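Below: one structure, written as structure tokens.
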Amino acid sequence: MNILFFSFLAAGATILGGSIPLLHKKLSDKQLSLLVAFSAGVLLSTGLNHMVAQSFAESGRWAMLSVSLGFVVLYGYEKMAMVHACREQNCQVHHFGGSALVGMGFHSFLDGFAIAVSFEFEKTLGVLVIVAVMLHRLPTGISMAVIMLSNKYNETKAWITLTTIAALAIVGALTGTLIPVQENLILSLAVGLSGGTFLYISTSDLLPMAHENSQDYRVPIAFLVGFLGILTASFLYGV
């Protein structure tokens, strides 16, 4: 029940973020860059210092293979589907095709899956992952809405698309709960897999986005605040 509730919160964070541009509320490029940089720090630190560390403690070398798989699979899909085609082609507006939508939905699904397997593996770890996911989904929702509006989506279509992609976090969480709680080895490998996706999203998606429109010195500071905040939690709570 808790996992389902938190997956709804993750979906809600995506919709909340997307509502900012869809409801014509202003958010400057600098403000968005700071939010994205902070989220990148939280996500990277959670992946490295908690998910990967705990998976390795339980599964050893197999955990690192699982982490690698999560990173490589997400990288491979994104590059084949050209989810970030704008960056590769030096264009000004992202072309939001079906492959890109599937890729963003896949991200949302993986976030929900990460919540479920982390919470089932170790509740304190689950709480940290939930915080990281919610902070990540907020700027993701903003970016999705901006891209859809740039590609001339009408508001109804944009809201439906945003809600559908957000709901995939709930589907991912329900999928994660299918892994038996008593299967610690399987759960730890699933945590490692999710950790690998966190590493990819933070380094390949969020950090480039944070620096794309801003050279503000506060961007790396925001990243460090997010990163060190989660790192400090690992020492305070022993996770």
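Computed from the coordinates by the stated procedures, all read-outs in this text should not be read as laboratory data. In this text, all values refer to a predicted model and were calculated from it rather than measured experimentally. Reconstructed Cβ throughout: ideal geometry from the backbone, glycine too, with neighbour counts over all protein chains shown.
Annotations for the structure displayed:
- Charge tally in the Cβ shell below 12 Å around V72, where Lys, Arg are +1 and Asp, Glu are -1, V72 excluded: 0
- Computed over the stretch 128-239, Cα set: Rg, Dmax in Å: 17.1, 49
- Here, P(r) means the percent of Cα pairs in each 5 Å bin from 0 to the largest distance; for the stretch 1-66 it is 3, 14, 12, 16, 18, 15, 11, 6, 4, 1.
- Among the trypsin sites (Lys or Arg not before Pro) within the stretch 10-54, those in coil by DSSP and having at most 13 neighbouring Cβ atoms inside 10 Å are K25, K26.
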